[in-house]
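What follows is a set of notes on a single structure, which appears directly below.
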Amino acid sequence: MSIQIRKLDSTHPDFRQQLASVLAFEASEDEVIDRAAAQILADVKARGDAAVLECTNRFDRLDAGSIASLEIGRHELQAALNGLPPARRNALQAAADRVRAYHERQKQECGSDGFTFTEADGTVLGQKVTPLDRVGIYVPGGKAAYPSSVLMNAIPAKVAGVQEVIMVVPTPGAVKNELVLAAAAIAGVDRVFTIGGAQAVGALAYGTATIPQVDKIVGPGNAYVAAAKRRVFGVVGIDMIAGPSEILVICDGSTDPDWVAMDLFSQAEHDELAQSILLCPDALYIAKVEASINRQLDGMPRKDVIRTSLTNRGALVKVRDMVEACDIANLIAAEHLEISADNPQQWANRIRHAGAMFLGRFSSESLGDYCAGPNHVLPTSRTARFSSPLGVYDFQKRSSIIQVSEAGAQTLGKIAAELAYGEGLQAHAKSAEYRLK
């Protein structure tokens, strides 16, 4: 049975409304999930370990006697790494090395060393950059296990200089994923607890007798995890509220249609809510991609998930030209943007909003997920309009440095006093005036 994927044409008078309908995403259970997450967080805040233990035993079908018994020691992490087949261990290590190298370069290039400068009157101004003390990373468990998520969250934290990284990962039915544990060993994670859900977010945010409070929580999770992260923001920092995964492919019609079809599959197979969209000016090529989708689908193990994703949230869009494709891409602001074209850089120059850009037909999004080097934790649901990939900068904070000289106080004091009187804040004004000669 062929997939009934939507086909849009940018010349249609209602195109913008049709596109908006494709992009629209609402979780119907948001209110119910939010209430449940709020109750769990309140319980964890009030009862600590006891509440976390009850939730963990209930939701993950465990029979643990204490939270301490759910901590995995470093020896077990190292044993998991040592027990991997050589090819898989080498791949994990190679991915970790590339992710670390990229983020070390990012640290150098993003002003992570701070700065100071001295004005003519001797006043010194600047900025000090310091890493966070302790970070919690949430790693999904259950239906799917993602060792790549461990690398992408823990390694930039360590490169930033975070002293302690605490990982939480649910283990439903007490089943541990050895590759996830091995990734924690390679990434330098300091402590690992086999807990998940809103209760794990609460434990990291508020701290318990066993689990220390962190300064920031990063990493993807299910709807309950997202709701909990949203609620604890302010008590701790968070990276982002991640929505379903997305891929947008801009193609000029010169790439093998089988490649593009499989790239669309690569996001659609994540879950039924994932989104895959193709923009192309060549109607014949779009037809070839659609034919390839239907030809290749039955050979995919997750074909049912792919079918639902492409049917409900996918689209094949005929555009006037590549310039218009770039304009539409900026409107969509996708998590992953592939520019599968000759001379992709000319089109990349027109892109303002994308979580990550994959340039050229050999740059499949899947390489970015695992081993290219840049972080795969990216803004979704059009938030690339105002937010960035996870990076070293997310694990640092900045403090302003202000050292005013006696001469500088004479100039700045008069300015500050005048503005303070204008705001009706006499103590501010007098504080500045006391420094005047």
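The values are calculated or read from the model by the stated rules, or taken from the named source; none is laboratory data. Keep in mind that this is a model prediction, so the values were computed, not measured. As a convention, Cβ positions derive from the backbone with ideal geometry for all residues, glycine included, and neighbour counts pool all protein chains shown.
Summary of values
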{"quantity": "Candidates D256, D252, filtered to the one that is within 29 Å of A315 (Cβ to Cβ), in contact with a helix residue (DSSP H, G or I) (Cβ under 7 Å, 6 or more places away or on another chain) and either charged (D, E, K, R) or modelled with pLDDT under 95 (or both)", "calculated": "D252"}
{"quantity": "Meets criteria (assigned to a loop (DSSP other than H, G, I, E, B) and acidic (D, E)) for E324", "calculated": "no"}
{"quantity": "All positions within the stretch 72-121 that are farther than 28 Å from R191 by Cβ and either of a type in the set (S, T, N, Q) or touching a strand residue (DSSP E or B) at 6+ places or on another chain (Cβ under 9 Å) (or both)", "calculated": "Q108, G111, D113, G114, F115, T116, F117, T118, E119"}
{"quantity": "Residue in the stretch 184-195 that is assigned to a loop (DSSP other than H, G, I, E, B) and out of contact with any Asp or Glu (no Cβ under 9 Å at 6 or more places or on another chain) present", "calculated": "yes"}
{"quantity": "Flag if G368 is under 28 Å from R134 (Cα atoms), within 18 Å of the chain's Cα centre (by Cα) and free of Cβ contacts under 8 Å to residues at least 60 places away in the same chain", "calculated": "yes"}
{"quantity": "Every residue from the stretch 375-422 that is of a type in the set (S, T, N, Q), within 29 Å of L125 (Cα to Cα) and not in a helix (DSSP H, G or I)", "calculated": "S387, S388, Q396, S399, S400, Q403, S405"}
{"quantity": "Test: residue in the stretch 205-217 that is in contact (Cβ under 8 Å) with a residue 24 or more places away in the chain, in contact with a Lys or Arg (Cβ under 9 Å, 6 or more places away or on another chain) and assigned to a helix (DSSP H, G or I)", "calculated": "yes"}
{"quantity": "Number of positions in the stretch 295-310 that are exposed (fewer than 14 other Cβ atoms within 10 Å of the Cβ) and within 14 Å of V260 (Cβ to Cβ)", "calculated": "1"}
{"quantity": "Among the residues listed as R100, R105, the single one being touching a residue at least 40 places away in the same chain (Cβ under 8 Å) and in a helix (DSSP H, G or I)", "calculated": "R100"}
